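Some notes on the structure that comes next.
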């Protein structure tokens, strides 16, 4: 299998989605060729499917509303928010229209709608172009939050979200765009991976491990965008301290029930949740609360939360690095849990 | 306002139009009465005084058209479906409610009719629906009712821009009742709605008339042009809200209220009316009483599945 970058994989997946379903529309700012979107995820789509791709004004709230209307009237819509930071402008359409409409009329109403959100820092774009805002969308009834991982079949991912019939946010880490997708169950030179089948409550989860997923000293739960930092931490811990970790990467961050993972967590007895979000009201805190409720007294220490600092994300590389979560923070958290 | 003119408004109406106007009027009055008795949960916004707008529009729309309504939507719903039972059951949370009682007064979905409670939110959605209709069902349109206060929302302009750019079959009906909750329009809206609409290249029509047939005749060709691909149409009605914004929150002076009531299409208390009017008025009142009695006796609603 030819390896490809995550950005190419997402682009290819969108080509497949539009090719396979004429009712799907892709809309967003600057998504047309030859530009093909700020991160080239929509490249080639408008040339190949001119009637299905729509370039919009700079109107995030309006665009998501239009997409909601397309979905309401029997179509399907995939919106690109150029930088996920701008999704705050569409908060009303996402939370008060799309997520409400699927249930507030007393019966299920189908709204096949995906809002793609290129997110995260590490590129020096500064405070308003670098955030990971997943946490603000956790716990909204009728709204599912997904994150791209390098382990996923991205065509299948889009299929799952559109079939869900309720609005989905897809967070896409902008550094992850530049990384290779994993294939064949091999993650780098040390680790293997497989997937736990999806349940309605939990969604698909990828397991990354050394030899045996049931023989880990610590479990790291992290969204797809954290994959490479988690792998780097696992590598350091293994080679320098012979600590083995199991990494769990959920495809869907919300709704996310930890129940099917509980046996793995209990066996290890130590759990870290790592994410790029800044501190406070994090996704990890939500996950940790669930783990504590299930496994109280059966873990060595409370779940350790690893995230970025409580700060804006600076532009200058050295300052940005100090704020954003790094692999070293995961290493430290695992060491402290096991000490 | 001379009483003769008011009689002229109601006497020129067909039985069908007059019956619908009276149904909405008595429905809203009954609702305030039930509210006063503590039988309505939460809040409700009546369209007393504005009933003629959806009545005038009703026959200009067909089943393929989408209608988006707002918080003040009982008249819009009744003009589309003539279903006082389902609406009252929805408001009171009783069996037979259009949306199982989950949505309530301002969140209703029935076929191609949708209301929601956030100002301006429906316009981008209606624009998306119009986009879908343009491609999938040419000739159909999306119509959205908004108020004068709604023009304060940015979503309105994002939507108008896209609808005009893409020449979508969208009709935006503004019921300008001169007051946004308690704020006079003069204190919240700079310039005019017409100028704002024209700035986007939208066609614009302004109506001060309360004559249903006059409005209908004026609007018919404009709506048809929208169906034929002429792009969005913005319509403004200068109208008058007789009741409070919701319940018991009217801060207007006696003088202002008198001014509003002078523009009511419904004859003043004690004014002489035709036999037809008296008969149909009593029928509508009786129907609404029967609806209320029947719906109140129903069991509480459950979600529809």
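General remarks:
- Tallying residues that are in contact (Cβ under 8 Å) with a residue 40 or more places away in the chain and outside any helix (DSSP H, G or I) within segment A:237-259 yields 14.
- Pairs where the first residue, in segment B:90-103, is free of Cβ contacts under 8 Å to residues at least 40 places away in the same chain and the second is part of a helix (DSSP H, G or I) and buried (at least 24 other Cβ atoms within 10 Å of the Cβ), C-beta under 6 Å, 6+ apart: B:98/B:90
- For residue B:257: the one exception among (1) at pLDDT 90 or above; (2) crowded, with 17+ Cβ neighbours inside 10 Å; (3) over 24 Å from residue B:11 (Cβ atoms): (2)
- Residue-level analysis places residue B:78 outside the set of residues that are away from chain A (no Cβ under 14 Å) and in contact (Cβ under 8 Å) with a residue 60 or more places away in the chain.
- Within the set A:44, A:51, the sole residue that is closer than 17 Å to residue B:136 by Cβ, surrounded by fewer than 20 Cβ atoms within 10 Å (Cβ to Cβ) and modelled with pLDDT of 95 or more turns out to be A:51.
- Candidate set from segment B:112-137 (those that are touching a residue at least 12 places away in the same chain (Cβ under 8 Å) and out of contact with any strand residue (DSSP E or B) (no Cβ under 9 Å at 6 or more places or on another chain)); member that is nearest to the other protein chains (Cβ to nearest Cβ): B:124
- Every residue from segment A:68-103 that is at the interface with chain B (Cβ under 9 Å from one of its Cβ atoms), part of a loop (DSSP other than H, G, I, E, B) and touching a residue at least 12 places away in the same chain (Cβ under 8 Å): A:74, A:75, A:103
- Number of the condition not met by residue B:86 [criteria: (1) over 20 Å from residue B:130 (Cβ atoms); (2) part of a helix (DSSP H, G or I); (3) touching a helix residue (DSSP H, G or I) at 6+ places or on another chain (Cβ under 7 Å)]: (3)
- Residues in segment A:315-339 that are part of a helix (DSSP H, G or I), over 17 Å from residue A:246 (Cα atoms) and either touching a strand residue (DSSP E or B) at 6+ places or on another chain (Cβ under 8 Å) or modelled with pLDDT under 95 (or both): A:323 only.
- Any hit, segment B:90-107, residues being assigned to a strand (DSSP E or B), at pLDDT 95 or above and surrounded by fewer than 23 Cβ atoms within 10 Å (Cβ to Cβ): yes
- Condition broken by residue B:143, with the remaining ones in (1) within 20 Å of residue B:215 (Cα to Cα); (2) facing another protein chain (nearest Cβ under 10 Å) satisfied: (2)
- Number of the condition not met by residue A:54 [criteria: (1) in contact with a strand residue (DSSP E or B) (Cβ under 9 Å, 6 or more places away or on another chain); (2) within 13 Å of chain B (Cβ to nearest Cβ); (3) closer than 25 Å to residue A:137 by Cα]: (3)
- Filtered residue count, segment B:43-74, keeping only those that are out of contact with any strand residue (DSSP E or B) (no Cβ under 9 Å at 6 or more places or on another chain) and under 19 Å from residue B:29 (Cβ atoms): 9
- Residue within segment A:26-35 that is within 22 Å of residue A:96 (Cα to Cα), at pLDDT 95 or above, crowded, with 24+ Cβ neighbours inside 10 Å and at the interface with chain B (Cβ under 10 Å from one of its Cβ atoms) present: no
- Within segment A:166-221, the set of residues being in contact (Cβ under 8 Å) with a residue 60 or more places away in the chain, in a loop (DSSP other than H, G, I, E, B) and in contact with a strand residue (DSSP E or B) (Cβ under 9 Å, 6 or more places away or on another chain) comprises A:166, A:167, A:174, A:179, A:181, A:217.
- Residue match in segment A:115-136 (condition: surrounded by 23 or more Cβ atoms within 10 Å (Cβ to Cβ), within 18 Å of the chain's Cα centre (by Cα), within 13 Å of another protein chain (Cβ to nearest Cβ) and assigned to a strand (DSSP E or B)): no
- Qualifying positions in segment A:266-278 - more than 16 Å from residue A:223 (Cβ to Cβ) and touching a strand residue (DSSP E or B) at 6+ places or on another chain (Cβ under 6 Å): A:268, A:270
Condition check ((1) closer than 26 Å to residue B:157 by Cα; (2) within 14 Å of another protein chain (Cβ to nearest Cβ); (3) within 16 Å of the chain's Cα centre (by Cα); (4) buried (at least 19 other Cβ atoms within 10 Å of the Cβ)) across all residues:
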position	(1), (2), (3), (4)
B:222	yes, no, no, no
B:239	yes, no, yes, yes
B:242	no, no, yes, yes
B:261	no, no, no, no
B:270	no, no, no, no
B:284	no, no, no, yes
B:287	no, no, no, no
B:298	no, no, no, no
B:302	no, yes, no, no
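- Which listed residue, of B:238, B:271, is touching a strand residue (DSSP E or B) at 6+ places or on another chain (Cβ under 9 Å) and closer than 24 Å to residue B:209 by Cβ: B:238
- Filtering segment A:57-67 to residues that are surrounded by 22 or more Cβ atoms within 10 Å (Cβ to Cβ) and more than 7 Å from every other protein chain (Cβ to nearest Cβ) leaves A:60, A:63, A:64.
- Restricting attention to segment A:104-114, the residues that are more than 9 Å from chain B (Cβ to nearest Cβ), in contact with a helix residue (DSSP H, G or I) (Cβ under 7 Å, 6 or more places away or on another chain) and either under 17 Å from residue B:99 (Cβ atoms) or surrounded by fewer than 21 Cβ atoms within 10 Å (Cβ to Cβ) (or both) add up to 1.
- Exactly one residue out of B:157, B:145 is touching a helix residue (DSSP H, G or I) at 6+ places or on another chain (Cβ under 7 Å), in contact (Cβ under 8 Å) with a residue 24 or more places away in the chain and either over 22 Å from residue B:54 (Cα atoms) or surrounded by 15 or more Cβ atoms within 10 Å (Cβ to Cβ) (or both): that is B:145.
- Identity of the residue in segment A:141-178, more than 12 Å from the chain's Cα centre (by Cα) and under 15 Å from residue A:87 (Cα atoms), that ends up surrounded by the fewest Cβ atoms within 10 Å (Cβ to Cβ): A:143
- Of the listed requirements (1) in contact with a helix residue (DSSP H, G or I) (Cβ under 8 Å, 6 or more places away or on another chain); (2) surrounded by fewer than 21 Cβ atoms within 10 Å (Cβ to Cβ), residue B:16 misses just one: (1).
The values are calculated or read from the model by the stated rules, or taken from the named source; none is laboratory data. Since we're looking at a predicted model, the values are computed, not measured. Ideal geometry is used to build each Cβ from the backbone, glycine not excepted, and the neighbour counts take in all protein chains shown.
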